[in-house]
Structure formats: structure tokens, C-alpha cells
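One structure below.
The values are calculated or read from the model by the stated rules, or taken from the named source; none is laboratory data. Note that the structure is predicted; figures quoted are calculated from it, not measured. No Cβ is skipped: glycine too gets one built from the backbone with ideal geometry, and neighbour counts run over all protein chains shown.
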Amino acid sequence: MCHTVRTRESQRSSATILEGYKHAVRVALADGFVTREEVQELQALRHQLDITRADHERIMAELMTEVAFQDAARTSLEVQSRWAAPPDDR
């Protein structure tokens with residue numbers, strides 16, 4: 001029983017750490033590019049939090065999916081607004 005509780009707490013703690021790292025990566029990517037300083041900060045954070053390469057790559061894939069979804073949604077809204085707009089008087 002104690003082992004099960006410790007395992008669940010460890011999993012929650014690990015998930016919290018990974019979400020924090022994911023947020024840090026999201027912030028670094030927010031302006032569309034990542035500076036050398038940001039890359040170094042993220043590397044240091046990965047080392048400090050003991051984040052594996054596999055976890056880092058999974059987080060990057062998740063963020064790429066988020067960005068692709070956001071871009072698709074934005075494009076869809078732009079198309080819808082063009083169709084809803086009244087025709088130009090020419």
C-alpha cells in the first residue's frame with residue numbers, strides 16, 4: 001500500500017516538473033525564435049530537473065502539435081471571416 005502511494009506521488013511530482021518545463025519551452029518559443037541564451041537556459045533547466053532526452057523530445061512534439069492546431073484554427077477563422085464579409089463594391 002505504501003509503495004503504491006509513493007509511486008502515485010512520484011508520478012504526480014514528475015508530471016508537475018514536466019509541465020513546468022513544457023511551460024518554459026512554450027515561453028521561449030512564444031516570439032517565434034529561440035536565442036542561444038534561451039537554448040542554454042533550457043539545457044540547464046533540463047539538467048537541473050533531470051529531464052530525459054525522451055521527455056524533452058515528447059514535449060517538443062506536443063508543442064509542435066499545439067502550434068499546428070493553433071495555426072489551422074487561425075486559418076479556418078480567417079477563411080470563415082472572408083466568406084462572411086460583404087462583397088467589395090467595385
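Evaluating Asp50 against the criteria (1) modelled with pLDDT under 95; (2) on the phi < 0 side of the Ramachandran plot leaves one unmet condition, (2). Residue check: Pro87 meets all listed conditions (1) loosely packed, with under 10 Cβ neighbours inside 10 Å; (2) outside any helix (DSSP H, G or I); (3) at pLDDT 70 or above but one, namely (3).
Pairing each residue of the stretch 38-61 that is free of Cβ contacts under 8 Å to residues at least 60 places away in the same chain with any residue that is of a type in the set (Lys, Arg) and surrounded by 10 or more Cβ atoms within 10 Å (Cβ to Cβ), provided the two are 6+ apart or on different chains, yields C-beta distances under 7 Å for His56/Arg46; Ile59/Lys22. The set of residues in the stretch 11-27 being under 15 Å from His47 (Cα atoms) and loosely packed, with under 14 Cβ neighbours inside 10 Å consists of Gly20 alone.
From the list Leu77, Leu63, the one residue that fits, being at pLDDT below 95, closer than 18 Å to Glu19 by Cβ and surrounded by 10 or more Cβ atoms within 10 Å (Cβ to Cβ), is Leu63.
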